[in-house]
Each structure stands twice: as C-alpha cells, then as structure tokens.
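Student: This structure is in structure tokens; I'll ask about it shortly.
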Amino acid sequence: MAKSMFDDPQELFTFCSVLRDNGNEAQAIALAKQGLAEHPDNPEMLAVARMFLSHKVHSYHRLMLADGPRNDAYLAMINRHAPGRRILDIGTGTGLLAMMAVRAGAEHVYACEVNPNKADLAREIIAANGMADKITVLNAYSLDLDRDRDLGGGVDAVLSELFTANIIGESLIQAMAHASKELTVPGAIFLPPKVSVMGALAHCDLGDPIGDVAGFDLSLLERQLNYHALIDPKDALQYQRGPAGVLSDMEFLPDTPIAMRDRSVATLTSEGGPVNGVLYWMRIEFDDDIHYENQPGGDKQLHWSVRFEPFAKPRETAAGEELSVGCAHNSNEIIIWDDAAI
C-alpha cells in the first residue's frame with residue numbers, strides 16, 4: 001500500500017504550510033486534524049498538528065478565562081438580559097459567552113468567529129456541552145454577515161467582547177455600527193452597552209533618548225519611535241500621579257447611530273511632581289449596577305493591561321494642578337495628548 005502524507009509528518013508539515021500561506025487555512029487545519037487522528041501517539045505528528053491547530057489561538061485566552069471579575073460581570077449581565085432573545089455573539093472565541101446566553105434562556109445564539117481554528121474549536125466545545133442545537137457558529141467577519149442569509153432575519157441583542165488594551169483595537173466600533181445598521185431588528189440592545197476610556201496622569205521611565213550609536217547620530221528615530229507601554233494593572237499604580245477621570249465615553253444604544261470617531265478634552269489633576277504621560281484603561285458598563293474596570297492596582301485576576309501614553313514633553317506639576325488632556329478615536333485607534341501644550 002502506498003504511503004500517504006499522513007504517514008510522513010514532514011510531508012504533511014510542508015503541504016499544510018503551503019495551504020496556509022495561500023489562504024487555505026481551513027483545509028490546512030482539517031488535514032492537520034486528520035493526521036493527528038491517524039497517528040495520535042506520534043510525537044512528531046503531534047508537533048505538526050499543534051503548529052496549525054494553535055495558529056492565532058493565543059495564550060492570552062488562558063489569562064482571559066481566568067479573569068474572574070470579567071466572567072462574573074458578563075454572567076450577571078447575560079443572566080439579566082439574554083432570556084428569550086435571539087443573540088449575535090461577535091468574536092465568540094471559545095464560545096463561552098454564547099453558552100452563558102443559552103444557559104440563561106436565550107432563544108438562539110449566532111456565534112461569529114473569523115479565525116477558522118477558533119471557530120472549529122468553538123463548535124467542538126459547544127457540542128461537548130450539549131448546546132449545538134441552540135448555537136450556530138459562523139466562521140466569518142461580522143462585517144460580512146447578512147441579516148437574512150445568516151441570522152434568520154436579524155437579532156434583537158448583540159453580545160461582544162472585542163476589547164483590547166487600547167479598548168477598540170479589534171474593530172469594536174466598526175463592528176457595533178455595522179451590526180446596528182445591518183444585522184439587528186428595531187429596538188435591539190447591545191451587551192455591554194457602554195465602555196469608558198479612563199485616564200490618570202502618570203510618570204513612567206522611558207529610558208534615555210536615542211542619540212549617538214557607534215559614532216552615528218540616530219536621534220531622528222526619537223520622533224517616530226512608538227513609546228506607549230503595556231503595564232500589568234497590579235504594577236501600574238506605582239506610575240500613577242493623580243486621580244482617575246473619564247477621557248471618553250462610547251455608548252451603543254438601540255436605534256441610534258454609533259459614532260465612528262470622536263474627540264474630547266478632559267481635565268486631570270496632578271498630585272504634584274513630574275508628569276510625562278497618561279495611564280489609560282477601560283471601564284465597561286454592563287448595567288447600572290454591573291461594571292468591570294482594569295484600573296491600576298485592581299484585582300490580581302485582571303488580564304487586560306493598562307496602557308501608558310507619553311506626552312510630547314514631560315512637565316513638572318504642583319499638587320492640585322489641573323491639566324487638559326485630549327482624547328480622540330476612530331474605528332480602530334485611540335490617541336491621547338497634552339492639550340494644554342497646544
């Protein structure tokens with residue numbers, strides 16, 4: 001009998017790599033699974049399969065799923081608002097929130113996931129938990145979904161967890177705006193309905209500026225170097241130099257157009273001393289009495305990082321001095337600046 005590529009891990013490795021490089025990731029995943037099923041005890045085949053089955057399934061999922069305050073807040077919100085609703089879960093990942101919604105009494109959940117690896121995994125997890133008849137996993141961008149073709153005429157709730165360290169980095173606003181206009185029925189609600197950008201003045205050591213390197217002047221690099229930093233919430237408090245305030249609010253309301261961009265100026269107060277930027281993080285408002293905030297010095301289980309954004313120039317401040325801080329966002333990015341310096 002002729003040998004197949006499933007008998008040769010290196011041949012499978014090469015073939016699946018070509019498939020993935022040419023945009024056929026789903027086929028590469030299917031072949032990797034087949035190779036592993038035929039040779040489950042072969043460590044080389046396991047290494048090959050893991051290479052493709054773990055593609056873009058990042059280790060942060062372990063930290064995210066261990067974030068108790070996050071899980072508790074989502075569960076409380078879902079238990080309150082999911083019963084009887086047809087729900088679109090955008091960016092379902094492991095399917096956890098979709099399963100929470102079904103257990104809470106949702107009529108049906110459409111779980112959208114663009115990564116074929118994650119979509120496959122979500123289907124398996126959902127089936128293993130006996131909910132395959134109540135949850136439809138769609139391997140697609142939510143922006144590519146059609147209200148009638150994919151969602152049976154539209155949903156009356158949109159559930160999402162697309163937040164990143166800069167809050168909107170996974171096209172949160174674009175996805176919500178599209179869902180509001182194209183995928184929902186009148187009166188549909190968003191879960192969660194509001195996120196705020198929280199900020200506080202800070203002083204964070206950025207290191208020495210770049211200048212002479214091996215006898216060459218490289219100082220021009222300074223104007224283009226990205227100096228923002230991601231800081232563990234439990235470590236961020238040491239850099240904070242004043243109380244927190246709201247820099248920007250983003251609300252997702254029924255039958256209300258969602259702003260794709262916004263600009264605001266907030267006043268932050270210094271406790272005195274040197275200030276060279278702003279720490280910022282998110283506060284998710286799930287309901288009047290349910291919220292999540294990854295603030296500096298918060299719960300040790302918090303998995304989202306606090307972000308530090310430097311000012312163009314540091315400044316010395318007096319205790320109680322107020323600084324104007326600008327904040328603007330488009331559909332994917334947030335920028336923060338010392339507005340008083342303009």
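The values are calculated or read from the model by the stated rules, or taken from the named source; none is laboratory data. Keep in mind that this is a model prediction, so the values were computed, not measured. Glycine gets a Cβ as well: all are built from the backbone with ideal geometry, and neighbour counts include every protein chain shown. Just so you know, the surface numbers come from the protein's heavy atoms only, side chains and all, with ligands and any DNA or RNA stripped out. Shrake-Rupley method; radii C 1.70, N 1.55, O 1.52, S 1.80 Å.
Student: Scan (1) closer than 28 Å to Ser324 by Cα; (2) in contact with a strand residue (DSSP E or B) (Cβ under 9 Å, 6 or more places away or on another chain) for the single condition Ala188 breaks and write down its number.
Tutor: In the conditions (1) closer than 28 Å to Ser324 by Cα; (2) in contact with a strand residue (DSSP E or B) (Cβ under 9 Å, 6 or more places away or on another chain), Ala188 misses (1) alone.
Student: Tally up the residues in the range 1-43 that are farther than 14 Å from Asn117 by Cα, at pLDDT below 90 and not charged (D, E, K, R), please.
Tutor: 5
Student: Which of the numbered conditions does Met64 fail, given that it passes all the others? Conditions: (1) in a helix (DSSP H, G or I); (2) under 30 Å from Gln301 (Cβ atoms); (3) without any contact (Cβ under 8 Å) to a residue 12 or more places away in the chain.
Tutor: For Met64, the failing item is (3).
Student: Picking from Asp7, Asp41, Asp21, Asp72, which residue would you name as being of a type in the set (D, E, K, R) and under 30 Å from Arg283 (Cα atoms)?
Tutor: Details: Asp7 fails: under 30 Å from Arg283 (Cα atoms); Asp41 fails: under 30 Å from Arg283 (Cα atoms); Asp21 fails: under 30 Å from Arg283 (Cα atoms).
When all the criteria are applied, what remains is Asp72.
Student: Go through (1) assigned to a strand (DSSP E or B); (2) closer than 19 Å to Ala82 by Cα; (3) not polar (S, T, N, Q) and name the single condition Met131 misses.
Tutor: Every condition holds for Met131 apart from (1).
Student: Just for the range 155-192: of the residues that are in contact with a Lys or Arg (Cβ under 6 Å, 6 or more places away or on another chain) and part of a strand (DSSP E or B), which one is surrounded by the fewest Cβ atoms within 10 Å (Cβ to Cβ)?
Tutor: The residue in question is Asp156.
Student: Would you point out the residue of the range 107-138, among those that are modelled with pLDDT under 95 and either open to solvent by 60 Å² or more (accessible area, probe 1.4 Å) or over 23 Å from the mean Cα position of the chain (by Cα) (or both), that is farthest from Glu25 (Cα to Cα)?
Tutor: Among those residues, the one meeting the criterion is Glu124.
Student: Any residue in the range 31-56 that is farther than 13 Å from Leu19 by Cβ and among the charged types (D, E, K, R) sitting within a Cβ distance under 6 Å of a residue that is open to solvent by less than 50 Å² (accessible area, probe 1.4 Å) and not in a helix (DSSP H, G or I)? List the pairs, counting only those 6 or more apart or interchain.
Tutor: Taking only residues 6 or more apart or on different chains, the pairs are Lys56/Asn115.
Student: While we're here: Sort out which residues of the range 292-310 are over 13 Å from Met282 (Cβ atoms), among the polar types (S, T, N, Q) and buried (at least 19 other Cβ atoms within 10 Å of the Cβ), and write them in order of number. Spell out the reasoning first.
Tutor: Filtering the range 292-310 down to residues over 13 Å from Met282 (Cβ atoms) leaves 297, 299-301, 308-310.
Applying the additional criterion that residues be among the polar types (S, T, N, Q) yields 301.
Selection gives nothing.
Student: Taking the range 311-339 on its own, how many of its residues are part of a strand (DSSP E or B), within 24 Å of Ala165 (Cβ to Cβ) and open to solvent by less than 30 Å² (accessible area, probe 1.4 Å)?
Tutor: Within the range 311-339, residues that are part of a strand (DSSP E or B), within 24 Å of Ala165 (Cβ to Cβ) and open to solvent by less than 30 Å² (accessible area, probe 1.4 Å) number 10.
Student: Out of (1) open to solvent by less than 50 Å² (accessible area, probe 1.4 Å); (2) in a helix (DSSP H, G or I); (3) in contact with an Asp or Glu (Cβ under 9 Å, 6 or more places away or on another chain); (4) under 21 Å from Asn117 (Cβ atoms), what's the single condition that is false for Asp89?
Tutor: Of (1) open to solvent by less than 50 Å² (accessible area, probe 1.4 Å); (2) in a helix (DSSP H, G or I); (3) in contact with an Asp or Glu (Cβ under 9 Å, 6 or more places away or on another chain); (4) under 21 Å from Asn117 (Cβ atoms), only one is false for Asp89: (2).
Student: Oh, and also: Checking Phe216 against (1) closer than 24 Å to Tyr74 by Cβ; (2) surrounded by fewer than 21 Cβ atoms within 10 Å (Cβ to Cβ): exactly one of these is not met. Which one?
Tutor: (1)
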